[in-house]
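I have placed the structure first, in the form of structure tokens, so that the comments after it can refer back to it.
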Amino acid sequence: MPDSHTSSYADFYRRSIDDRDAFWTEQAALIDWQTPPQQICDYSQPPFARWFVGGTTNLCHNAVDRHVAARPDAPALIHVSSETGSERTYSFAELHREVQRMAAILLSLGVQKGDRVLVYMPMVAEAAFAMLACARIGAIHCVVFGGFAAGALASRIDDAEPRVVVSADAGMRGGKVVAYKPLLDEAIRLSQHQPESVLLVDRNLAPLPLVQGRDHLYAPLRRQYLDADVPCEWVDATHTSYTLYTSGTTGKPKGVQRDTGGYAVALAASMRHIFEARPGETYFSTSDIGWVVGHSYIVYGPLIAGMATLMYEGLPTRGMDGEPDPAVWWQLVEKYKVTRMFSAPTAVRVLKKYDVAHLRKHDLSSLKALYLAGEPLDEPTAQWISDGLGVPIIDNYWQTESGWPILTIANGVEKKPSKFGSPGVPMYGFDVQLVDEVTGLSMTEPNRKGVVVIEGPLPPGCMQTVWRDDQRFVDTYWRSIPGRLVYNTFDWGLRDQDGYFFILGRSDDVINVAGHRLGTREIEECISGHPQVAEVAVLGVADALKGQVAMAFAVLRDGRLAADPAARLRLEGEIMQRVDGQLGGVARPARVLFVALLPKTRSGKLLRRAMQAVCEGRDAGDLTTLDDPAALDQIRDALAAPKPTPAAG
Ligand code: ATP
Ligand code: MG
């Protein structure tokens, strides 16, 4: 394939759209095929795209086996837990063995090609073995985030109908044992569908009572299959590799279904063009296997690229000895010579509460870039981490549905500067446009705000459909813009004169104040520029007079100020003035209230719909994805507190 470093990104991108099949034929050469594809893209039934039709391949082969021959002893999976203080590195040869043992166990439990295996696990190496083992035998994995409670798990069991569930006795968070088995038992009791078998990893953290005939311990089975040879099952490129739910920020989570060949090619290409992967180097994503970042950039992407992947259980602020240490990630970067790191703005905001000196305690000379995704990256946070680490901070915008970045900078194709506040430009294969949600017309002039949509076909790696619900796929994603069949991201954006996109919040986060449509994100950006504000959420609340008004909930840098009514009053005034000055009085929040933490999903996203419901005195709705219930109580308390009045005199 041509040396991509010599071409300009603009040309590279153009080709991906205008000469789609030729472009993806080249990218397909980045992975191993058992049978090469006969057709690159079948888009005869829009919006359903079938990539690399006729080709057969295997994700596990590309992630593991392929590298065993070339570098058997190179590190593949580095598992670190600051919760249990354990560290273990598996070479490609060792990973190959472990995955075959797991695959043999799954086969012995009756798992066949196309069967679902639900993985409900903490961040242990066995979770990665299970995912890779499923891919190896053509089973479909459905990873459910380990932080979910019984109700959320039960509904996913019913949707996925797994033959086998893989789980563990417990996870740990902040030094506390979180028992998984009782939650799993309760979930299976609640669900209609009954898995035939449950495979359990015993970490000796919590009691592990077994249900006779259904539950099996992993360790003795592993010993039984120590020398198992389980060849890769070559599957069609379009064979479903996994299902995974969206984060549930805006409503009922959607079951994203992903293929095999398109996903493998998309990841291999992104590792090269976006993450500039080099085999033998170490990649560290701080996400969780329960999220799409964990699937794409903890497990599959780095391994497909021949890199070692660091899988971390624990908080960013707890050291390997169990003592508080906000430099623990940087200690790992130094120790394992991490070159590429992937995290989320929310994690950086946690670190930002500590002295910046923690970022400089360890030797970070190996680190080449930090990629952040999942939510808007506000400028103060970006600036803080950029100054602190001294490496490029690369924002990237995508979704569970897309599987890999939609907007970012492809530095592996052409080095380009990032702009603060912008995740970047459309990635190759994504025909990203901005449309007027009322007329459905595309906006061509720069700096106009519209809904971010993608013209079909979606590139390789994106969702095939909603699991068992093609109609929901079409209706939800493709039929919401009048007169057009385009994929709706449900995010607002604008494109500047240089072609850089800015994400202005979710299209359902728009508030309507006295006939003016305002993105809550813009108001948040403005408020978070106040030097005292660490974090802020703005939402629209029903108002009899104006339709909606903006409400702001801010976390202060110095939490003590929030306890002082005079300081609260002064800050509220300052913030309102700031909004008046920058955005105009119409955007001014009706109130600015101060809380110690904001309600977020376990993946660090603001649960606006729940906050909004509480503000409007409604039921908060489905809270299974809420991380800390105390955060919603704080919203309630802040709303109930009497409005401070200026002290007399
Ligand atoms: P649900 O679709 O169930 O409501 P969700 O959209 O939060 O949940 P995800 O797929 O995890 O589920 O998140 C994708 C969304 O996260 C994007 O649509 C966008 O709103 C936001 N997002 C992701 N990356 C960025 C980014 N770099 N900048 C701004 N927003 C981002
Ligand atoms: Mg979404």
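Using per-residue counts of other Cβ atoms within 10 Å, averaged over each peptide, order 350-359, 294-303 from highest down. Write down the numbers at each step before the final one.
Numbers: 350-359: 16.1, 294-303: 27.2.
Per-residue Cβ counts within 10 Å, averaged per peptide and sorted highest first, yield 294-303, 350-359.
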Of GLY319, ALA641, GLY171, which is farthest along the charge dipole of the chain in the positive direction, counting Lys and Arg as +1 and Asp and Glu as -1 at C-beta? ALA641
ASP496 to LEU597: extension gain in nm, 0.36 nm per residue of separation minus the Cα-Cα distance? 33.0 nm
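Do any of LYS352/LYS605; LYS353/LYS416; LYS176/LYS352; LYS337/LYS361; LYS353/LYS419 go past 26 Å between their Cα atoms, and which?
Working: LYS352/LYS605 17 Å; LYS353/LYS416 30 Å; LYS176/LYS352 24 Å; LYS337/LYS361 15 Å; LYS353/LYS419 24 Å.
Flagged as over cut-off: LYS353/LYS416.
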For TYR371, residues with placed amide H under 5 Å, excluding near neighbours: MET341, PHE342, SER343, ILE394
Long-range amide H partners of GLY424, meaning residues 5 or more apart or on another chain whose placed amide H is closer than 5 Å, are PHE501
Per-residue ³J(HN,Hα) for segment 75-86, Karplus 6.51 cos²θ - 1.76 cosθ + 1.60, θ = phi - 60°, Hz, x for Gly and Pro: x, 10, 10, 10, 9, 10, 10, 7, 7, 9, x, 9
Using a Förster radius of 41 Å, what is the FRET efficiency between GLN532 and SER44 based on their Cβ-Cβ separation? Nearest 0.05, please. 0.10
Computed E for ARG636/GLU196 - FRET, C-beta separation, R0 45 angstrom, nearest 0.05: 0.55
Please list the non-local residues whose amide H lies under 5 Å from the amide H of TYR180, H modeled 1.01 Å from N, same-chain partners needing a gap of 5 or more. ALA170, GLY171
Charge-dipole axis of the chain as Lys and Arg at +1 and Asp and Glu at -1 on Cβ define it, positive-most pick from ALA22, GLN497, ALA139: GLN497
Integer Hz, Karplus 6.51/-1.76/1.60 couplings in order for segment 323-332, x for Gly and Pro: 7, x, 7, x, 10, 4, 5, 6, 4, 5
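Using the Cα centre as the reference, give the magnitude of the dipole from point charges on the C-beta atoms of segment 421-538 (Lys, Arg: +1; Asp, Glu: -1; all else neutral), rounded to the nearest 20 debye. Don't skip to the end; give the middle numbers.
Working: 10 positive and 17 negative charges, 43 e Å.
I would put it at about 200 debye.
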Under the 7 Å Cα-to-Cβ spin-label approximation, ARG560 and SER108 lie apart by a distance in nanometres of 6.1
Of the listed peptides 185-195, 206-216, what is their order by residue-averaged count of other C-beta atoms within 10 Å, with the highest listed first? 185-195, 206-216
Rank-order 82-89, 586-593 by packing density, defined as the average count of other C-beta atoms within 10 Å over each peptide's residues, highest first. 586-593, 82-89
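Only helical DSSP H runs with n ≥ 4 go in: add -39500 (n - 2.57) per run for the chain, normalise by residue count and round the 222 nm mean residue ellipticity to 500 deg cm²/dmol. Present the calculation step by step, with values, prior to reporting the outcome.
Numbers: 17 runs with 172 residues, N = 649.
Only helices count here, giving -8000 deg cm²/dmol.
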Cα lying deepest toward the dipole's positive end in the chain, options ALA552, PRO460, GLY213, charges on Cβ: ALA552
Modelling each spin label as a point 7 Å along the Cα-to-Cβ direction, I'd like the ALA179/GLN34 distance in nm, to one decimal. 4.3
In nm, spacing of pseudo-spin labels at HIS516 and ALA22 (7 Å Cα→C-beta vector): 5.0
Rounded to the nearest 5, what % of DSSP beta bridges with both residues in the chain are antiparallel? 60
Partners for LYS368 among aspartates and glutamates (Cα-Cα distance below 16 Å; same-chain residues under 8 apart left out): GLU276, GLU281, GLU334, ASP387, ASP395, GLU414
How big is the charge dipole of the chain about its Cα centre, in debye rounded to the nearest 20, if each Lys and Arg gets +1 on its Cβ and each Asp and Glu gets -1 on its Cβ? 680
About the Cα centre, charge dipole magnitude for segment 271-429 (Lys/Arg +1, Asp/Glu -1 at Cβ), debye: 380
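Which whole-number percent is the relative contact order of the chain (Cα, under 8 Å, 6+ apart)? Don't jump to the answer; show the numbers that get you there.
On the way: 1418 pairs, mean separation 74.5, N = 649.
In percent, rounded to a whole number, it is 11.
No value in this document is a laboratory result; all are computed from the given coordinates. The model shown is predicted, which means the values in this text are computed figures rather than measured ones. Please note: Cβ atoms are built from the backbone with ideal geometry, for glycine as well, and neighbour counts cover all protein chains shown.
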